[in-house]
Amino acid sequence: MMKQSGPKFLFAVVCFSGLIFCAASPQSSILELTQLKGLNFVLQNSPTTQKYLIETMPGGIALLDYNDDGLLDIFMVNGGRVLDPMKTEDFDRHDPRYWNRLFRQNKDGSFTDVTEHAGLANAGDGNYGMGVAVGDYDNDGYPDIYVTNYGKNTLYHNNGDGTFTDVTEKAGVAAGGWSVSAGFLDYDNDGKLDLFVTRYMEWDTKHSKSCGAEWHTYCPPEEFPVTTNILFHNNGDGTFTDVSQRSGIASSKGRALGLAFADYDDDGFTDIFVSNDGMRQFLFHNNGNGTFTENALEAGAALSQDGRRMSGMGVVFQDYDNDGRPDIVVTELPREIFSLYHNDGGGFFEYRSLETGLGVLSSGSSGWGVGLEDFDNDGWKDLFVAQSHVLDNVEDIDPSLHYKQLPLLAMNHNGRFESVDPGTTVPAASRGAAFGDLNNDGWQDVVVSVLGGAPQVFMNRGGNQHWLTISLRGTRSNRDGYGARVRVNGQTRYATATGSYLCSNDKRLHFGLGAAQTAKIEVLWPSGIHQSLADVHADQFLEIREPEKP
């Protein structure tokens, strides 16, 4: 069963009320830095002379339709008040300056701050905000929000009336320590979304230290002990059980930052990639029996090409070369180059940063949030990376490096990436990057978080190519369809909102179709049901409902 909905669009001129641009000539950048009316937010990371490491690490962004009106809303995670020095870890989140913020999109493209009305104003005592995950964990048709923190995390249940309720205690998902990225997935294919949380290290402000001799800097991760990630199993009654130990997830300790999901070996179960800072990366293979085996080293996705450990930050787990298998891109620090692991099939990956051009494009950059999205709708996923150095005084230490940087936009030409104008000349201390179609014109946009500043919004100018955007509605599978594999005209996407760094992306699956005016669609649901649709018209938003029976 399928439902075809949404307007058709003309691309010769694309104007959207509330935004400050109209589509320009083909010579202009595909993306443009744009101010969105009403999106009034400043990420308070609260830098101090103490160089507390948490200050340089936030903040998350979620693109979600929380009120089911067909328009993407924006949730922004804030940091907190950090004293210089800290005496007690309260972070003063009651002050409105340090609230997380929910912005509802209006029909004219402007945004309204609905944080207080939605019940999201209380960020929690003792919390410093980090990231966000979105998923409908109780299958009631409304997306729920999970916020990660240094301190206890928070789960907000969507009540379906524009408000949320803090259900953390009841659900049992507060965790603790320093949580970073998180994501919802159905790892056991039981139709209920489970929750994975990455944690960075064993650290607190009392035992914090600064590094450097002449220059006072944030310490590298090797100065602090490793820790475990957390896997929560959804019990189906509004509660979760911590299965980190019995699933094998807790057997691998690291310094985790980024998180992404895909079924890399096509066995029908979602696997987990975790990017680690200052060490090898983790690839948790799903054994299909409730347990995982960490095998990144054996699979060829743990280290650089010459066997060095990596400063893994953001990660995306999608198919960049249209061979039907999900590949991995990991962002890193300057002079390490971003890593691209090509999925060769059979459970093995090959390091291809140099062959794809990514090595040249990233050798002097520090990358955080990252996405593979088809920005020009030509049928090939392009690369966008939010960039900035970790150290706010890095230019004093090494004048060849820069703290604030421009983003990287690299167009994909048959599997090779070439840098183009990113749509701004304003460098920023960028961190998270969330991807989605903000104005429903069929062209992917980007929202980037900026330390100490307002978010950067990159709106897509559009063009003449065709597109298709798919919403999945699971019945036997989880309602969001997370974990489904969707193929459209030779392209493959894995249904997930998780990826990038700290962020949750638009859960709708976007496909550029190039000159094609129709599409053939194949969906493999987590339940195992195969579904095919033929001769689907381009340039529309399409909802696909999972059949009740095979």
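Points to keep in mind about this one:
- When peptides 81-88, 296-303 are sorted by average Cβ neighbour count within 10 Å, with the highest value leading, the order is 296-303, 81-88.
- All-pairs alpha carbon distance profile, segment 137-193, 10 Å steps from 0, percent: 23, 49, 27, 1
- Share antiparallel - DSSP beta bridges, the chain, percent rounded to 5: 95 percent
- Measuring nothing but how far apart in sequence close Cα pairs (under 8 Å, 6+ apart) lie, relative to its length, segment 261-327 scores a relative contact order of 30 percent.
- Hull volume in cubic angstrom per residue (convex hull over the Cα atoms of segment 341-441): 138 Å³
- Accessible area of segment 196-339 belonging to carbon and sulfur atoms, whole % at 1.4 Å probe: 45 percent
- Net charge of neighbours whose Cβ lies under 13 Å from the Cβ of Thr163, counting Lys and Arg as +1 and Asp and Glu as -1: -3
- In summary, the lysines within cross-link reach of Lys206, defined as a Cα separation below 25 angstrom excluding same-chain residues under 8 places away, comprise Lys51, Lys87, Lys152, Lys253.
- The residue list Met313, Ala302, His342 was ranked by how far each Cα lies along the charge dipole of segment 283-345 toward its positive end, using unit charges on Cβ atoms, and Met313 comes out on top.
- Mean projected area of the Cα convex hull of segment 96-183, taken over all directions, amounts to 6.2 nm².
- Taking only the C-alpha atoms of the chain, Rg followed by Dmax gives 21.3, 68 Å.
- Largest accessible area first, the residues Thr241, Thr168 order themselves as Thr241, Thr168 under a 1.4 Å probe with ligands, DNA and RNA left out.
- Placing unit charges on each Cβ (+1 for Lys and Arg, -1 for Asp and Glu) gives the chain a dipole about its Cα centre, and among Thr518, Ile74, Ala260 the Cα reaching farthest toward its positive end belongs to Ile74.
- Of Thr425, Thr49, the order by accessible heavy-atom surface (1.4 Å probe, DNA, RNA and ligands excluded), from most exposed downward, is Thr425, Thr49.
- Cα centroid of segment 124-147 to Cα centroid of segment 441-494, whole Å: 19 Å
- Formal net charge of residues neighbouring Leu361 (Cβ-Cβ distance under 11 Å; K, R +1; D, E -1): 0
- Anisotropy class of segment 184-242 from Cα gyration tensor, a/c 1.5 cut: prolate
- A simple charge model with +1 on the Cβ of Lys and Arg, -1 on the Cβ of Asp and Glu and nothing else charged puts the dipole of the chain at about 300 debye relative to its Cα centre.
- Under 18 Å from Lys107, Cα to Cα: lysines that are on another chain or at least 8 residues apart: Lys8, Lys37
- Quotient of C-alpha Rg and 2.2 N^0.38 Å, computed over segment 258-414: 1.04
- Toward the positive end of the charge dipole of segment 415-467, with +1 on the Cβ of Lys and Arg and -1 on the Cβ of Asp and Glu, the farthest Cα among Gly452, Gln465, Ala433 is that of Gly452.
- Solvent-accessible area of His510, all protein chains in place: 10 Å² (probe radius 1.4 Å, heavy atoms, ligands and nucleic acids excluded).
- Sites Glu522 and Asp90, calculated FRET efficiency, Cβ-Cβ separation with R0 56 Å, nearest 0.05: 0.60
- Given a 1.4 Å probe and the protein chains as shown, Leu333 ends up with an accessible area of around 40 Å².
- Peptides 216-228, 52-64 ordered by average Cβ neighbours within 10 Å, highest first: 52-64, 216-228
- Segment 108-209 - percent relative contact order, Cα under 8 Å, separation 6 or more: 22 percent
- Between Asp140 and any residue 5 or more places off or on another chain, the built amide H atoms are never under 5 Å apart.
- Fraction of accessible area attributable to carbon and sulfur, segment 382-462 (%, probe 1.4 Å): 51 percent
- Surface per residue (accessible, 1.4 Å probe) for the chain, Å²: 35 Å²
- Rounded, prolate or oblate (a/c below 1.5 giving rounded, otherwise prolate when a/b exceeds b/c) for segment 265-357 by Cα gyration tensor: oblate
- For the Cα trace of segment 58-114, dividing Rg by the Kirkwood Rh returns an Rg/Rh value of 1.13.
- Note on Glu395: accessible area approximately 90 square angstrom, rounded to 10, probe 1.4 Å, nucleic acids and ligands left out.
- Cα gyration tensor category, rounded, prolate or oblate, for segment 147-245 with a/c compared to 1.5: prolate
- Calculated from backbone phi, Karplus (6.51, -1.76, 1.60) coupling profile of segment 398-408 in Hz, x at Gly/Pro: 9, x, 7, 10, 9, 6, 8, 9, 6, x, 9
- Relative contact order of the chain, pairs being alpha-carbon contacts under 8 Å that are 6 or more residues apart, as %: 16 percent
The values are calculated or read from the model by the stated rules, or taken from the named source; none is laboratory data. Predicted, not measured: the structure shown is a model, and the values here were computed from it. We place every Cβ from the backbone using ideal geometry, glycine too, and count neighbours over all the protein chains shown. Keep in mind that these areas ignore ligands, DNA and RNA; they rest on the heavy atoms of the full protein, side chains included. Shrake-Rupley method; radii C 1.70, N 1.55, O 1.52, S 1.80 Å.
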